[in-house]
Amino acid sequence: MESIDCLVIGAGVVGLACARDMARLGREVVIVEGSADIGFGISSRNSEVIHAGIYYPAGSLKAKLCVEGKHLLYDYLQSRALAYRRCGKLIVATEKAQLPGLEAIMRKAHANGVEDVRAISSEEAVRQEPALTCHAALESPSTGILDSHGFMLALLGEAQDHGAMLAQLSVVQSIQALSDESWEVCFKVLDPSQLSLAGNAVTRLPDLAGEMHQLRAKRVINAAGLGANRIAALISGMPPANQPPLYFAKGNYFSLASRCPFSRLIYPMPNEAGLGVHLTLDLAGQGRFGPDVEWVEREDYDVDPKRCESFYQEIRRYWPGLEDGALQPAYAGIRPKLQAPGESAHDFRIEGPEQHGFPGLVQLLGIESPGLTASLAIARSVAAMMR
């Protein structure tokens, strides 16, 4: 059985950032990924927004790591000439009853250290975005967009430059803590020809036949995204409190078939499960709307065209000029929620030995938005726990 310093489970943006940091520290790193490509799940099925750190409770991991991660991310993208744009965004109140909520968001942003968020009148908002309708807005100039896949390729390349190895189509089957505080990890390596049987449902991959392999690792980082809770459940002796249930919140996106009249991102007031059906832009300027919230039992990335009916209603609250037939199905993503439908949002759970009692193990649970923005800060935090 081969021995290594560090095993990273999951090649999404957070796993790749962790692998990069550990490899740069001189650790021998192997990344195991269940799908055939990096960032297959959450990391490639989102809005590709660099969040400012506005919405999260003061003192939460989401607030701290988003604000820290935003600065690290902009510096990283700039220093490596990766594609991004600091386009800014407007958070809009579309009715007077939402004005106190808008003020509360600004107070929360300032408490989190996002001092550049400011309140603007409806007249100023419309001067910036003539197609917009609102009663008032918040302007967030440090919000941006990026090419998430280019970012992940850069993280992987840097990790590999420092000796890290990536094993794709490798699905963890068991994790056993050993007496010397190392870990025995058994994983199944799938034949690429079997991938078509699994479609795009990563959770089905362990059911397929494959060759079994074992690794002995001094350190394990569980960054498996939608599969992180499954990995936690594989560890014998893991306290029940450290194996929280997982809920899948599917988010559907629709793209704008015509030219987009906005140059900034437009966000409505958030709801209990997300940030509402907002307008984002890709780096080519095409508009897309989403995500909505659809609670599902399993991974399913098909977009039902009928869901656009509710999109029109939500979007026309801030863009009444949206024409019938302008939206077309784009893609869908799944957010790993630690809260059940109807419950308030939970924080990230980054758990090391102090939380679960196992030396050499860090678990990353419930890493949804703003995980992309916070990825470099999360990796820095994990690396500090692993020393």
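Scanning region 109-133 for residues that are in a loop (DSSP other than H, G, I, E, B) and touching a helix residue (DSSP H, G or I) at 6+ places or on another chain (Cβ under 7 Å) turns up Asn112, Gly113, Val114, Val117, Leu132.
Of the residues making up region 73-108, those that are of a type in the set (D, E, K, R) and in a helix (DSSP H, G or I) are Asp75, Lys96, Glu103, Arg107, Lys108. Scanning region 39-89 for residues that are within 17 Å of the chain's Cα centre (by Cα) and charged (D, E, K, R) gives Arg45, Glu48, Lys62, Lys64, Glu68, Lys70.
Six or more apart or on different chains, Cβ atoms under 6 Å: show the pairs whose first residue is in region 149-173 and closer than 14 Å to Glu33 by Cα and whose second is at pLDDT 95 or above and surrounded by fewer than 19 Cβ atoms within 10 Å (Cβ to Cβ). Hits for this filter: Gln173/Cys186. So, of the residues in region 245-260 that are out of contact with any Leu (no Cβ under 9 Å at 6 or more places or on another chain) and assigned to a loop (DSSP other than H, G, I, E, B), which turns out to be nearest to Gly144 (Cα to Cα)? Here the residue is Arg259. Entry remark, region 69-91: residues being touching a residue at least 12 places away in the same chain (Cβ under 8 Å) and surrounded by fewer than 17 Cβ atoms within 10 Å (Cβ to Cβ) number 5 in total. Which residue is nearest to Cys308 (Cα to Cα), if the candidates are limited to region 245-284 and must be under 20 Å from the mean Cα position of the chain (by Cα) and of a type in the set (Phe, Trp, Tyr)? Step by step, filter region 245-284, then rank; the result is Phe254.
Residues in region 1-53 that are small (Gly, Ala, Ser), touching a helix residue (DSSP H, G or I) at 6+ places or on another chain (Cβ under 7 Å) and either surrounded by 24 or more Cβ atoms within 10 Å (Cβ to Cβ) or assigned to a loop (DSSP other than H, G, I, E, B) (or both): Gly10, Gly12, Ala17, Ala19, Gly34, Ser35, Ala36, Gly39, Gly41, Ser43, Ala52, Gly53.
Out of Phe151, Phe187, I need the residue that is assigned to a strand (DSSP E or B), out of contact with any Cys (no Cβ under 9 Å at 6 or more places or on another chain) and aromatic (Phe, Trp, Tyr). Which one?
Just a single option satisfies the conditions, and that option is Phe187.
Of Glu309, Glu294, Glu351, Glu368, all but one fail to be more than 24 Å from the chain's Cα centre (by Cα) and not small (Gly, Ala, Ser); the exception is Glu309. Restricting region 130-172 to residues that are touching a Lys or Arg at 6+ places or on another chain (Cβ under 6 Å) and of a type in the set (Asp, Glu) leaves a set whose member that is nearest to Cys18 (Cα to Cα) is Glu158. Taking the listed residues Ala58, Ala52, Ala11, Ala36, the one that is more than 13 Å from Met386 (Cα to Cα) and touching a Ser or Thr at 6+ places or on another chain (Cβ under 6 Å) is Ala52, with no other qualifying.
The values are calculated or read from the model by the stated rules, or taken from the named source; none is laboratory data. Since the structure is predicted, the reported quantities are computational estimates derived from the model, not experimental observations. Backbone-built Cβ (ideal geometry, glycine too); neighbour counts: all protein chains shown.
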